[in-house]
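See structure below.
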Amino acid sequence: IGSTIIPEVRNYPYANFEKTDSLELTESSGQKVDVYYTRKEYTLSYNTNGGSYIPPQTGLYNATVNLTTTIPTRERYTFDGWYDNANFEGNPIKDSVTLDKNKTLYAKWTAGTVKYTIAYYKEVYNNSTRRTYYAFENSVSAQGQVGTIIQASASTTPEMSSVLPIGYEKETAY
């Protein structure tokens with residue numbers, strides 16, 4: 001009794017030491033000593049993988065971040081949920097995330113289908129003007145998955161309706 005003490009400061013992974021005051025002991029037991037800690041802040045980041053930007057959210061340790069309103073958009077894709085890994089292993093994260101460290105969530109997408117048309121033009125030479133121009137010949141309509149590359153092929157190229165002029169030939173490289 002009558003001694004001045006400084007309390008022990010402990011380190012916690014979820015909190016930072018803030019302050020404590022030295023204290024004079026006035027009781028032989030049960031005297032209260034205050035040590036103050038502040039919860040650490042953690043950031044939840046979003047990797048939308050080509051979707052609309054979602055700003056990171058910061059919260060204190062053990063805070064809950066609601067995900068039901070945090071839905072990115074991406075034209076012609078369907079959002080399939082947030083995952084805690086870039087390989088989309090496991091189940092999507094539902095409803096909320098608890099901040100116990102810095103975290104990144106990854107958006108998973110399913111590509112939609114889109115209709116497209118391949119237009120075929122043939123090169124025509126006009127003898128009187130001595131100029132070359134392109135004239136519409138035919139078209140093929142189809143649909144494909146967003147993000148895929150479409151190439152014309154011999155099986156999808158329509159037959160030309162007229163005989164090709166001398167020196168011209170149908171492209172067959174694709």
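The figures follow:
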item	result
Y42, sole failed condition from (1) in a strand (DSSP E or B); (2) free of Cβ contacts under 8 Å to residues at least 60 places away in the same chain; (3) more than 30 Å from A111 (Cα to Cα)	(2)
Members of the range 75-100 found to be of a type in the set (D, E, K, R) and exposed (fewer than 11 other Cβ atoms within 10 Å of the Cβ), listed by number	E75, E89, K94, D95
Inter-residue pairs, beta-carbon under 6 Å, first on the phi > 0 side of the Ramachandran plot and in the range 78-92, second open to solvent by 50 Å² or more (accessible area, probe 1.4 Å), 6+ apart	G81/K108; F88/K108
Those residues of the range 107-124 which are open to solvent by 50 Å² or more (accessible area, probe 1.4 Å), of a type outside the set (D, E, K, R) and either assigned to a loop (DSSP other than H, G, I, E, B) or touching a residue at least 24 places away in the same chain (Cβ under 8 Å) (or both), in sequence order	T110, T113, Y116, T117
From G59, G50, G81, residue being of a type in the set (G, A, S), closer than 30 Å to Y116 by Cα and assigned to a strand (DSSP E or B)	G81
Hits in the range 125-151 - residues which are surrounded by 12 or more Cβ atoms within 10 Å (Cβ to Cβ), in a strand (DSSP E or B) and free of Cβ contacts under 8 Å to residues at least 40 places away in the same chain	E137, N138, V140, G144, Q145
The range 38-55 - residue that is of a type in the set (S, T, Y) and either in contact with an Asp or Glu (Cβ under 6 Å, 6 or more places away or on another chain) or open to solvent by 90 Å² or more (accessible area, probe 1.4 Å) (or both) and, of those, modelled with the highest pLDDT	Y53
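The values are calculated or read from the model by the stated rules, or taken from the named source; none is laboratory data. This one's a predicted model, so the numbers in the text were calculated from it and none came from an experiment. A quick note on method: Cβ atoms are made from the backbone with ideal geometry, for glycine too, and the neighbour counts reach across all protein chains shown. For the accessible areas, the whole protein counts, side chains as well, though only heavy atoms, and no ligand, DNA or RNA atoms are used. Shrake-Rupley method; radii C 1.70, N 1.55, O 1.52, S 1.80 Å.
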